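Just so it is clear, none of the values below were taken in a lab; they were calculated from the coordinates. It should be emphasised that the depicted structure is a prediction, and the values quoted were computed from it without experimental measurement. We place every Cβ from the backbone using ideal geometry, glycine too, and count neighbours over all the protein chains shown.
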Amino acid sequence: MTDEGIEQLKKHEGFRTHAYKCTSGKWTIGYGRNIDEDGGPGITEEEAEHLLLNDLVTYRTGCEQEIAFFEDLDLVRQDTLVNMAFNMGVAGLLKFRNMLKAIQDKDWERAGREMLNSRWARQVGRRAEELSLQMVTGERQ
């Protein structure tokens, strides 16, 4: 398709950042990408990877901006916080005041306990256990 044809198609479809139901009732996103289970192409793993990497830049930047000591942490513990932010948003991560204070104090055991002492941990189960251990040891699990 030519560049002009692509621009025309984009004009006809319109752009939406969030999923919506198109006129035929199918879940759609972006420029008319059908993501409905019955018949839509959904997204490829490569497209999902691209979206994930873009999102991780956003969450890492949020952690850098909102957590004063973030860049002083080793990469494993930084990754742990970004993982949590990805799961619950930076605003949700910032509600873990006791955990963040423990991390700032380099009290890794207390930070790990605070992670597990939360509704988030009860919701995500094994993920929280793994990330908590990662925070405590500084080693990827």
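Rounded to the nearest 20, the size of the Cβ-charge dipole of the chain about its Cα centre is 800 debye, with Lys and Arg at +1 and Asp and Glu at -1. Seen through its C-alpha gyration tensor, with square-root eigenvalues sorted a ≥ b ≥ c, the stretch 87-141 comes out oblate because a/c lies at 1.5 or above while a/b is not bigger than b/c. Within the stretch 1-107, the GluC sites (Glu not before Pro) that combine a DSSP coil assignment with at most 15 other C-beta atoms in a 10 angstrom radius are E37. Among the listed options [x] 8.4; [y] 10.8; [z] 11.3, the one matching mean projected area of the Cα convex hull in nm² as calculated from these coordinates is [z]. Farthest toward the positive end of the dipole of the chain, out of N87, A121, Y20, is the Cα of A121, where the dipole comes from beta carbon charges about the Cα centre.
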